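The values are calculated or read from the model by the stated rules, or taken from the named source; none is laboratory data. In this text, all values refer to a predicted model and were calculated from it rather than measured experimentally. Because the Cβ atoms are built from the backbone with ideal geometry, glycine has one as well, and the counts that use them run over all protein chains shown. To get the accessible areas, we keep the full protein, side chains included, count just its heavy atoms, and leave off ligands, DNA and RNA. Shrake-Rupley method; radii C 1.70, N 1.55, O 1.52, S 1.80 Å.
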Amino acid sequence: MIVTIDGVAASGKSSVSSGVAQALGVPYVSSGLLYRAVTLLGLTAGADLADASALLPLLPGVRLEPLASGNRVWNADHDLTADLHSTRVDGGVSTVAALPEIREWVDAQLRALPDPLVAEGRDMGTNVFPHAPHKFYLTASPRVRAERRAKERPEDIPAIEAALTERDRLDTTQSAPAPDARVIDTGPLTLQGVIDTILADLR
Ligand code: CDP
C-alpha cells in the first residue's frame, strides 16, 4: 500500500506524513529532501544549479534513510539532514527541481524503496506513484503557510511569504494535484486535525 501526500510549499506535508505514517506503522519518505540534498551539494561544490551534468556526478553517495523519527539524507557517511532547510537551499531548490535528469534520479531513488510507505512531495500522486490507491493534496493560504514556516526560518513573515509564493510559481509544473487526490485545505485545521482527516478517509 502506498499513500501519497502532495502539496504546496510549507503546507505541512512532512509533519502530516510523519503522523499518518506513525499511525499506520509504516515509514514515510520526504521527496523534497532529495531535491534539497542535490541543491546543497551543488552549492557546496560551486556548481551551476541549472546544469544537470555538473550535478549528477555529485550524487552517487547520496542515500535517503526513511526512519520512523524523521528522514535523514546521507552523502556516503556524512549526514546532510541538518543543512537541508536553510534559506540558501530554499532559494536554489526549484532551479534544481526543474531539471528532468535530476527528477529522474530522484524518482528512481523513491521507486526503489519497499512499500508500504507514505510518500510526500509535489508529484508523488501524479508522476512517481500514479497507481497509489490513496492520494491527498494539502493547500493553505500563503499567509498561513508563512506564519507556520516563520517558526523554522530567521526571516520575518512577509519575506517568507514572498519566498514561498515565488517557489510555488517556480514549482507549478510539477505541483498539480492528481485528479484522484482528495484536496484538503489545512488552513482551518490543526496538525492533528489534518492527520485525523486523512486517517478517517483511509479507514
Ligand atoms: O517543505 P517544502 O514544501 O517547503 O519543501 P520540500 O517539500 O522540501 O520541497 C523542496 C523543493 O523540492 C520544492 O520547492 C520543489 O522545487 C522540489 N520538489 C519537487 O519538485 N518535487 C517533489 N516531489 C518534492 C519537492
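For this structure, a couple of remarks:
- Listed residues Gly70, Leu202, Val106: farthest to the positive end of the dipole of the chain (Cβ charges): Leu202
- Among Ser14, Ser86, Ser30, the largest mean-square fluctuation in a Gaussian network model of the chain, built with springs joining Cα atoms closer than 10 Å, belongs to Ser86.
- Shape call, the chain: gyration tensor on alpha carbons, a/c limit 1.5: oblate
- Farthest toward positive dipole pole in the range 17-87 [+1 Lys/Arg, -1 Asp/Glu at C-beta], among Pro60, Gly19, Ala50: Gly19
- Calculated [222 nm] ellipticity per residue, helices only, for the chain: -13000 deg cm²/dmol; basis is -39500 (n - 2.57) per DSSP H run with n ≥ 4, divided by all residues, nearest 500.
- GNM remark for the chain: springs join alpha carbons under 10 Å apart, and the peak mean-square fluctuation among Glu104, Glu65, Glu120 falls on Glu104.
- GluC sites (Glu not before Pro) restricted to the range 138-174 and DSSP loop, no more than 13 other C-beta within 10 Å: Glu152
- Gaussian network model of the chain, Cα within-10 Å springs - most flexible of Leu138, Leu33, Leu191: Leu191
- Mean separation of Cα contacts under 8 Å, 6 or more apart, over the residue count of the range 136-195: relative contact order %: 52
- Accessible area of the chain divided out per residue, in Å², using a probe of 1.4 angstrom: 46
- Contact order normalised by residue count of the chain, Cα under 8 Å, 6+ apart, percent: 34
- Sulfur and carbon atoms: percent of accessible area, the chain [1.4 Å]: 56
- What you get for the range 54-203, charging only the Cβ of Lys and Arg (+1) and of Asp and Glu (-1), is a dipole of about 180 debye around the Cα centre.
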